Amino acid sequence: MTLEVSVEHRLDAFTLDAEFAVEGGLTALFGRSGAGKTSVINVIAGLIRPDRGRVMLDGEALTDTATGRFVPAHRRRIGYVFQEGRLFPHLTVRQNLLYGRRFAGLPRRAADIDQVVGLLGIGDLLARRPATLSGGEKQRVAIGRALLARPRLLVMDEPLASLDEGRKAEILPYIERLRDETRIPIVYVSHSIPEVARLATNLVVLSSGRVAATGTPAEIMGRLDLFPLTGRVEAGAILNTRVTGVDARFGLSLLRAAAGELRVPRLDLPLGTALRVRIRARDVMIGLHPPEGLSALNVLPGTVAEIGQAEGPIVEIRLDCAGEALVARLTRRSVEALGLEPGRQVYAVIKSIAFDHHAFAGTTPAAGADADAVAG
C-alpha cells in the first residue's frame, strides 16, 4: 500500500501545507499539539475537503482538487478510531462490533468476527455494555468495529491519549498485533515518543502544519536537529537488536546489535527474536577509554559523529556505533574536559536504569525480573 498526501488547506488562522508518501506498515504522524496531525488524517479520511492538493491510495485518487475528484468519506473504506471509543451505550459489545459491518453494507460472517475478536482479546466482553468496560477495553472494541468494516486503511487519532499508564500498557500489544498480523496499513497520530518508538514503521514529523521530516523511527530519533520538535526530555535513539542468549544465573537476556552486545533484564522471548531497544540520551555516559570498576554492564564503542547546539549547560552528542546512532546528553563542561569533537573514538556506557519496560518494543520482563535495577 502506498499513501501519498500533498495538500494545502486553511482552517481559520492555521494553514496546513503537508506533503509526504509512505509505504504500508504503521505510519505515525508525530508532533506537538496544534502541529496539524488530526487535520491530516481528516483530509485522508475525507472529513476535510482541502483547498488544494490530492490524496492517493494505491494509485487511486481519493481527493484531487485539480480534477474536482472527491470520494465521500463513507465510500473510502477507511476505518477511523478516535481518542475515545465512541461506542453506542445502548448496544452490547457484539452489537457495536456488528454495526460497523452493517454500516459498510457487508454480510455478517462468523469467521471474520471470530478472527477480530481473537486478535483483540475481547471474547469475554461480547455480552457487556460500554458502561461496564475499562478505557482500554472500549478502545479495543472500537478498533474491532473499524476492522469489521474491512477497511483498506485504518487511521487512529491518539487512541491512547485518554488512558492512564496501566490501560496504555494493556492495549499496546494489541495494536502491535494489528500492525504485524493484518495487512491493513495504519496511520497513527501521536505526540508520545515511547508510543512512536514502539509502534511505528514510518514516522512523519509535523510542525506548524508542515512536514519537518520523514523516515524510520531510528533515523528520525537520531537526528539532533529535530530535538526541538521531538522533545529534548525524551531525546534518545533506537537500536535494532536480536535476542541471542540468556544468562539464567543473573536473570539477564543477551541482545546483539550492530553496535555490540547488550545485557538487559530477562525477556520471555525465543532466541532470534528481533527487538527494538530505545535508549534515552540521559541514560548514556561517555568515556575515552574502556571503563573499569563500574557496575554498568553495557559498554559500546563508537565515534563522535555530531555535537549539537548547546542549550544552557547541556548539549547532545550523536555517536556512530557501527552504523547505528546513539545519543548522549552531557554538560558542556564534560564535552570540553573530554576534548570531544567529531571523529573522536569514545565508549558509550549505558546506565542499567535505561532498560525499564518502556525501553522495549512489544515485550515485558520475565516474571521476577526487576527491570529498573539490573545487577551490576
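The values are calculated or read from the model by the stated rules, or taken from the named source; none is laboratory data. It should be emphasised that the depicted structure is a prediction, and the values quoted were computed from it without experimental measurement. Here the Cβ positions follow ideal geometry from the backbone for every residue, glycine too, while neighbour counts run over all protein chains shown.
Of the numbered criteria (1) over 21 Å from the mean Cα position of the chain (by Cα); (2) under 13 Å from R210 (Cβ atoms), the one V5 fails is (1). With respect to R86, is the statement that it is closer than 29 Å to I171 by Cα, surrounded by fewer than 21 Cβ atoms within 10 Å (Cβ to Cβ), at pLDDT below 95 and within 25 Å of the chain's Cα centre (by Cα) true? Answer is yes for this residue.
Could you grab me the full set of residues in the range 135-177 that are out of contact with any helix residue (DSSP H, G or I) (no Cβ under 7 Å at 6 or more places or on another chain), of a type in the set (A, V, I, L, M) and within 25 Å of D114 (Cβ to Cβ)? A142, L153, M156, listed by residue number. Of the residues examined, L229 is not one that is touching a Pro at 6+ places or on another chain (Cβ under 7 Å) and over 19 Å from A305 (Cβ atoms). Taking the numbered list (1) farther than 22 Å from T331 by Cβ; (2) of a type in the set (G, A, S); (3) buried (at least 16 other Cβ atoms within 10 Å of the Cβ) in turn, G293 passes all entries but (3). Could you list all residues from the range 178-197 that are β-branched (V, I, T) and either over 23 Å from D114 (Cβ atoms) or at pLDDT below 90 (or both)? The answer is T182, V187, V189, I193, V196. Flag: I307 matches the condition of being at pLDDT 90 or above, more than 24 Å from the chain's Cα centre (by Cα) and within 30 Å of L206 (Cα to Cα).
Checked against the criterion of being more than 14 Å from V204 (Cβ to Cβ), assigned by TED's automatic domain parsing to the domain that holds A161 and either at pLDDT 95 or above or in contact with a Leu (Cβ under 7 Å, 6 or more places away or on another chain) (or both), the range 20-38 has no qualifying residue.
Within the range 129-141, is there a residue that is surrounded by fewer than 22 Cβ atoms within 10 Å (Cβ to Cβ), more than 27 Å from the chain's Cα centre (by Cα) and free of Cβ contacts under 8 Å to residues at least 40 places away in the same chain? There is at least one residue in the range 129-141 that is surrounded by fewer than 22 Cβ atoms within 10 Å (Cβ to Cβ), more than 27 Å from the chain's Cα centre (by Cα) and free of Cβ contacts under 8 Å to residues at least 40 places away in the same chain. Scanning the range 225-251 for residues that are farther than 17 Å from R282 by Cα and of a type in the set (S, T, Y), we see that the one that is nearest to the chain's Cα centre (by Cα) is T241.
Okay, residues lined up against (1) in a strand (DSSP E or B); (2) exposed (fewer than 12 other Cβ atoms within 10 Å of the Cβ):
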site: G272; (1), (2): no, yes
site: V277; (1), (2): yes, no
site: R282; (1), (2): no, no
site: G302; (1), (2): yes, no
site: A305; (1), (2): yes, no
site: A328; (1), (2): yes, no
site: R333; (1), (2): no, yes
site: A337; (1), (2): no, yes
site: L340; (1), (2): no, no
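Remark: pairs (first residue in the range 149-172, over 21 Å from G36 (Cβ atoms); second residue of a type in the set (S, T, Y); Cβ separation under 8 Å; 6+ apart in sequence or on different chains) = R167/S134; E170/S134.
Residue count for the range 186-208, restricted to those that are under 16 Å from F20 (Cβ atoms) and surrounded by fewer than 21 Cβ atoms within 10 Å (Cβ to Cβ): 3. Within 28 Å of S190 (Cβ to Cβ) and assigned to a helix (DSSP H, G or I), is that true of L87? Here the answer is no, as L87 does not meet what is asked. Filtering the range 237-272 to residues that are closer than 30 Å to I314 by Cα and either outside the structural domain of A328 (by TED's automatic domain parsing) or among the aliphatic types (A, V, I, L, M) (or both) leaves A237, I238, L239, A257, A258, A259, L262, V264. The set of residues in the range 311-328 that are touching a helix residue (DSSP H, G or I) at 6+ places or on another chain (Cβ under 7 Å) and over 11 Å from L224 (Cα atoms) contains only P313.
With respect to the numbered conditions (1) surrounded by fewer than 16 Cβ atoms within 10 Å (Cβ to Cβ); (2) touching a strand residue (DSSP E or B) at 6+ places or on another chain (Cβ under 9 Å), which one is the sole condition not fulfilled by T241? Single failed check for T241: (1). The criterion of at least 1 residues that are free of Cβ contacts under 8 Å to residues at least 40 places away in the same chain is met by the following strands (runs of 3 or more DSSP E) wholly inside the range 17-66: 60-64.
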